[in-house]
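S.K.: Please find one structure pasted underneath; my questions will follow.
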Amino acid sequence: MSHADLVARYAALAPAIPVLTILDAEDAVPLARTLVEAGLPVAEVTLRTPAALDAIERIAREVPEAVVAAGTVTRPDQIATVARAGARMIVTPGTPPSLAAALAVGALPAMPGCATVTEALALAAQGFTHLKFFPAGAAGGPAWLKAVLGPCPELRFCPTGGIDAGSAAAYLALPNVACIGGSWMVPNDAVRARDWCRIGSLARDAAALPRS
Ligand code: 3PG
């Protein structure tokens, strides 16, 4: 299966991709199991903490039914590192040309980030079909996505950044939104308290969100 087909398949698995910033790698497996059981099998683990690579490795090894993506990938050299850790997809917050070129020939499927039509078109020209729209809330929200449907009808987006349970439905109702991303179903205080029950409940609500 091509990388573009794999990304389309992962994006179709659930309406929402939880964005996980993991401080303690011990949390990774119970968190991933909770999300999978709630109906959210795809998760983005951001490379923003020292525990991130360990967390990706543990999820890949111990929760094979999860599709673990490496997020906040900002440099080409990180592609091989996250592939070795077991990530099955790469997500970027923004995609400078050197990173886009490396992702286009890299070992893993990618959902590169963009925030403008120019960036979206540049990524489309390199063969990417599903793009992260980041930071979605600050960069234009559902109105931006509606506006780009005209000039870029073939592109599908995963808006992420500033989305919560209240704004999710407005994004998911749009025909060019494949899924949405966010951290609202994994609140920091619940992770710190290892309150998997609360996270499971928030994740089940996210998994039940209707899509267009
Ligand atoms: C990301 O990296 O995608 C964002 O930090 C997630 O945004 P949110 O925390 O506003 O959901």
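The values are calculated or read from the model by the stated rules, or taken from the named source; none is laboratory data. Treat the numbers as computed from the prediction; the structure is a model and nothing was measured. Every residue, glycine as well, gets a Cβ built from its backbone with ideal geometry; the counts of neighbours run over all protein chains shown. Surface accessibility is based on the protein's heavy atoms, side chains included, excluding ligands, DNA and RNA. Shrake-Rupley method; radii C 1.70, N 1.55, O 1.52, S 1.80 Å.
S.K.: Residues with beta-carbon under 14 Å from that of Ala25, excluding Ala25: net charge, scoring Lys, Arg +1 and Asp, Glu -1? Provide the component values of the computation, followed by the final result.
M.R.: Details: positive: Arg48, Arg58, Arg61, Arg194; negative: Asp24, Glu26, Asp27, Asp54, Glu57, Glu62.
Surrounding charge for Ala25 is -2.
S.K.: Also: Helix-only estimate, please: 222 nm mean residue ellipticity of the chain, summing -39500 (n - 2.57) across DSSP H runs of length 4 or more and dividing by its residues, to the nearest 500. Don't jump to the answer; show the numbers that get you there.
M.R.: On the way: 11 runs with 93 residues, N = 212.
Calculated at 222 nm, the ellipticity per residue is -12000 deg cm²/dmol.
S.K.: May I pose another question? What does the highest-first list of 10-23, 61-74 look like by mean Cβ count within 10 Å? If you can, show how the numbers build up before the last one.
M.R.: Working: 10-23: 22.3, 61-74: 20.2.
The peptides rank, most packed first, as 10-23, 61-74.
S.K.: Now for a separate question. So how strong a dipole does segment 83-212 carry about its Cα centre when Lys and Arg Cβ are +1 and Asp and Glu Cβ are -1, to the nearest 20 debye?
M.R.: Working: 10 positive and 6 negative charges, 60 e Å.
I would put it at about 280 debye.
S.K.: With unit charges on the beta carbon (Lys/Arg positive, Asp/Glu negative), name the residue among Ala102, Val148, Pro135 whose Cα is farthest towards the positive pole of the charge dipole of the chain.
M.R.: Checking the options against the dipole of the chain, the answer is Val148.
S.K.: Which percent of Cα pairs goes in each bin when the distances of the chain are cut into 10 angstrom slices starting at zero?
M.R.: All Cα pairs, binned at 10 Å, distribute as 9, 39, 38, 14, 1 percent.
S.K.: Keeping all protein chains in place, calculate the accessible area per residue for the chain (probe 1.4 angstrom), answer in Å².
M.R.: Working: 8770 Å² over 212 residues.
Heavy-atom SASA per residue in the chain reads 41 Å².
S.K.: List every DSSP H helix in the chain whose Cα atoms extend 24 Å or more along the helix's own long axis and whose mean Kyte-Doolittle hydropathy is at least -0.5.
M.R.: Details: long enough: none.
Long hydrophobic helices here: none detected.
S.K.: Sticking with this structure for a sec: If you take the beta carbon distance between Ala101 and Glu65 as r and set R0 to 30 Å, what does 1/(1 + (r/R0)^6) give as a FRET efficiency, to the nearest 0.05?
M.R.: 0.35
S.K.: Expected output is a single nm value to one decimal: the length gained when fully extending between Ala8 and Thr118, i.e. 0.36 nm times separation in residues minus the C-alpha distance. What is it?
M.R.: Working: separation 110, 0.36 × 110 = 39.60 nm, distance 2.19 nm.
Length difference between fully extended and current span is 37.4 nm.
S.K.: Please report the antiparallel percentage of DSSP beta bridges with both residues in the chain, rounded to the nearest 5.
M.R.: Values: 0 of 22 bridges.
That works out to approximately 0 percent antiparallel.
S.K.: Hey, can you rank 34-44, 108-118, 198-208 by average C-beta count inside 10 Å, highest first?
M.R.: Working: 34-44: 23.3, 108-118: 21.5, 198-208: 18.5.
Highest to lowest by the protection proxy: 34-44, 108-118, 198-208.
S.K.: Could you calculate the contour length gain from Ala170 to Asp24, that is, 0.36 nm times the residue separation minus the distance between their Cα atoms, to one decimal place in nm? Working shown, then result.
M.R.: Details: separation 146, 0.36 × 146 = 52.56 nm, distance 3.33 nm.
Going from the current span to full extension adds 49.2 nm.
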